[in-house]
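Working notes, beginning with the structure itself.
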Amino acid sequence: MKPVSPVAYDPKTRWGVSEITLAKDQPQYISLPVLRFSDGLVVSRWSLSWAERIHLILGGSLFLGVLTFNKPLQPIRMSTSVDDVVGLMPKDE
């Protein structure tokens, strides 16, 4: 599994937010392209290999690891739709 850019395919879907890359100059981490919203929401997109997709179809699990550095865990949401993740942001008309 690897992070993918662009995070949102359609520029109209970016809600006026520019894509940035987190940990770009931190070799101990994977560089992570994200959309960062002013309300604190950060959205990333991931691509699964064919083997990972088959694993999930056959009932495998998907795990999420988060480094909290002993701070409270922030709310997260995983989805196959960017609209589900962005959720409360206004829709383009």
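When only alpha-carbon atoms are used, what values of Rg and Dmax, in angstrom, describe the chain?
Considering the chain through its Cα atoms, Rg and Dmax are 14.6, 42 Å.
If you put +1 on each Lys and Arg Cβ and -1 on each Asp and Glu Cβ, how big is the dipole of the range 2-77 around its Cα centre, in Debye rounded to 20?
60
Please list, in order along the range 47-59, the HN-Hα scalar couplings obtained from phi with the Karplus expression 6.51 cos²θ - 1.76 cosθ + 1.60 (θ = phi - 60°), rounded to whole Hz, x for Gly and Pro.
Coupling constants for the range 47-59: 10, 9, 6, 4, 5, 5, 5, 4, 3, 5, 4, 7, x Hz.
Spelling out what I want: for every residue of the range 25-38, take phi, set θ = phi - 60°, compute 6.51 cos²θ - 1.76 cosθ + 1.60 (Karplus), and round to whole Hz; glycine and proline get x.
10, 10, x, 6, 10, 7, 4, 10, x, 9, 9, 10, 8, 5
No value in this document is a laboratory result; all are computed from the given coordinates. Quick caveat, the model's predicted, so the values are computed rather than measured. Using ideal geometry, Cβ is built from the backbone for each residue, glycine included, and neighbour counts are taken over all protein chains shown.
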